[in-house]
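Below: one structure, written as structure tokens.
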Amino acid sequence: MEVTRRLARYVTGSRATDIPPAVRHEATRSLVNWLGCALGGSRHDAVTIALNALQPFAGPPQAGVIGRRERLDSLHAALISPMPAEWYAIR
């Protein structure tokens, strides 16, 4: 529990300027890479299958799915959107 408190204090008390420029640069690269993988794989058959399987269980459409026109509730959109990026990271 103490580790969590220390991390929370650091995060809430820090500013973007406290992070070294090289670290910010790599974080930006990682985010852009993740988004590219999510967009690039968004039309994969497995994503379509997952969407078709989960849509009947989704609540009211609130959030978009990255790279798709479909909208799902926030929980299911958060599950489906990063799927392709995770697949590419594993390979």
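The values are calculated or read from the model by the stated rules, or taken from the named source; none is laboratory data. For clarity, every value in this text was computed on a predicted model and none was experimentally measured. All Cβ positions, glycine included, derive from the backbone under ideal geometry; neighbour counts span all protein chains shown.
The table that follows gives values for the structure above.
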item: Segments classed as helices (runs of 4 or more DSSP H), wholly inside the chain, with at least 1 members that are at pLDDT below 95 and basic (Lys, Arg); result: 2-13, 21-41
item: Matching residues, segment 50-60, being surrounded by 10 or more Cβ atoms within 10 Å (Cβ to Cβ) and within 15 Å of ALA78 (Cα to Cα); result: ALA50, LEU51, LEU54, GLN55, PHE57, ALA58, GLY59
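Here is a yes/no grid of residues against (1) among the acidic types (Asp, Glu); (2) surrounded by 10 or more Cβ atoms within 10 Å (Cβ to Cβ); (3) without any contact (Cβ under 8 Å) to a residue 40 or more places away in the chain:
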| residue | (1), (2), (3) |
| --- | --- |
| VAL3 | no, no, yes |
| ARG9 | no, yes, yes |
| THR12 | no, no, yes |
| PRO20 | no, no, yes |
| SER30 | no, yes, yes |
| CYS37 | no, yes, no |
| GLY40 | no, yes, no |
| ARG43 | no, yes, yes |
| THR48 | no, yes, yes |
